[in-house]
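The values are calculated or read from the model by the stated rules, or taken from the named source; none is laboratory data. These figures come from a predicted structure and were not determined experimentally. Cβ placement follows ideal geometry from the backbone for every residue including glycine, while neighbour counts extend to all protein chains displayed. With ligands, DNA and RNA removed, areas are computed over all heavy atoms of the protein, side chains included. Shrake-Rupley method; radii C 1.70, N 1.55, O 1.52, S 1.80 Å.
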Amino acid sequence: MPNAQSRTMPSQASGRLPRGRLLNLQTSAPYDLAFHAYLPRASLVTDRVLVCIHGINRQARDQATAFQTLAEQLGTALIAPLFDTVRYPRYQRLAVGEDGPRADVALDAAITQVVEAAGLDDNPRRLLFGYSGGGQFAHRYAALHPERVAAVVIGAAGWYTLPESQRRFPHGLGQRNGLPAIDIPAYLDIPMAVLVGDLDRDRRTSFNCTGSKDRDQGQTRVDRGRHFIARMRCAIREHGLETSYRFELLPGVGHSFTSAVKTGGLVYRVEAFLAEVGATKPVETRATGLCPARPRQQKGPTPEGGPLAWPLNPAQAFG
């Protein structure tokens, strides 16, 4: 957890946060959400923010460290919340209908804090990445707030909210007490990618092994990720949309965020998808020497859903 001294936000009157440093911050009550933030040293895109959501192991700092380089390259602010186990035990479901603060509202409070302190546009579009439980959070956040999201990349989620209006959220997109009706066409119009290690087939206790989930979505994270994308593609056809959805296997990777980054090329796959769907804007100027050189492209298997167009060994992106 960030220490108390590092959580202090700069005065909003200054309109500034330190650039080029990974900061440990915290929102005020009632959310009390610790989070990491990073502002690029070079040009800053003010209408986008890159948000990285951890899994149940709470590796928020690892994610922030891994995605710093991408934030620098894109020119976007980076926010990586840390949902603690006491206040946000079921953050991946957004804690809808439960006591305590909602995780999606807490994240918005953190984004607003950075917006005000860094001089970003009001309500910047979110580029959402989530790994494991964070992947569950990311696509459910997008379902509730489609107008705030530019793109979603899900890393090896355990189970998914299916595009079925007859099932209540978070199992489907149907009405739930305390929530407005989900704008299903707007949600389906958000580009999404699912990235799963080709060895991620373990069914341990952290994996939802209920009979209904096995029957509805598959018995492994590979099966469930592939099934989710297939269902989303069916749903957009029914609504007359042409949204870009992608499913990819990360070669030689099990259920490990570190391995997904170092071995599976996770960060560069996220970068490639965001660029492909036009979710980012080019940064016109960058200070030299800020980002490590990208590794040379290495040969490997072509991922499902498209040609191989990025390196597979981005160890430099993970600190």
Examine the stretch 182-190 for a residue that is surrounded by 22 or more Cβ atoms within 10 Å (Cβ to Cβ) and closer than 20 Å to Pro81 by Cα, and state whether such a residue exists.
no
Filtering the stretch 13-64 down to residues that are touching a Lys or Arg at 6+ places or on another chain (Cβ under 8 Å) and among the basic types (Lys, Arg), which residue is least open to solvent (accessible area, probe 1.4 Å)?
Arg48
Spot the failing condition for Ala315; the list is (1) at pLDDT 95 or above; (2) small (Gly, Ala, Ser); (3) under 29 Å from Ala60 (Cβ atoms), and only one is missed.
(1)
Condition set in contact with a strand residue (DSSP E or B) (Cβ under 8 Å, 6 or more places away or on another chain) and under 18 Å from Asp183 (Cβ atoms), scope the stretch 146-163, selection surrounded by the fewest Cβ atoms within 10 Å (Cβ to Cβ): answer is Arg148
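Listed here are the residues, each with its yes/no results for (1) of a type in the set (A, V, I, L, M); (2) farther than 23 Å from Cys52 by Cα; (3) touching a Cys at 6+ places or on another chain (Cβ under 6 Å).
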{"site": "Ala157", "(1), (2), (3)": "yes, no, no"}
{"site": "Ser165", "(1), (2), (3)": "no, yes, no"}
{"site": "His171", "(1), (2), (3)": "no, no, no"}
{"site": "Ala186", "(1), (2), (3)": "yes, no, no"}
Which residue out of Val222, Val253, Val261, Val270 is assigned to a helix (DSSP H, G or I) and farther than 13 Å from Val194 by Cα?
Val261
Among the candidates Glu271, Glu248, single out the residue that is at pLDDT 95 or above, out of contact with any Asp or Glu (no Cβ under 9 Å at 6 or more places or on another chain) and within 30 Å of Tyr187 (Cβ to Cβ).
Glu271
Subset of the stretch 108-139, residues at pLDDT 95 or above and charged (D, E, K, R), comes to Asp108, Arg125, Arg126
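Matching residues to (1) under 14 Å from the mean Cα position of the chain (by Cα); (2) farther than 19 Å from Pro18 by Cβ:
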| site | (1), (2) |
| --- | --- |
| Ala34 | no, no |
| Arg58 | yes, yes |
| Asp62 | yes, yes |
| Ala71 | yes, no |
| Ala77 | yes, no |
Quick one: in the stretch 165-178, of everything that is in contact (Cβ under 8 Å) with a residue 40 or more places away in the chain and open to solvent by 20 Å² or more (accessible area, probe 1.4 Å), which residue is nearest to Arg93 (Cα to Cα)?
Arg176
Of everything in the stretch 65-92 that's among the hydroxyl-bearing types (Ser, Thr, Tyr) and assigned to a loop (DSSP other than H, G, I, E, B), which residue is most open to solvent (accessible area, probe 1.4 Å)?
Thr85
Candidate set: the stretch 154-181, residues that are of a type in the set (A, V, I, L, M) and under 21 Å from Gln219 (Cα atoms); chosen: the one nearest to the chain's Cα centre (by Cα):
Ile154
Would you mind stating whether Arg125 is farther than 27 Å from Lys281 by Cβ and either open to solvent by 60 Å² or more (accessible area, probe 1.4 Å) or touching a Gly at 6+ places or on another chain (Cβ under 9 Å) (or both)?
no
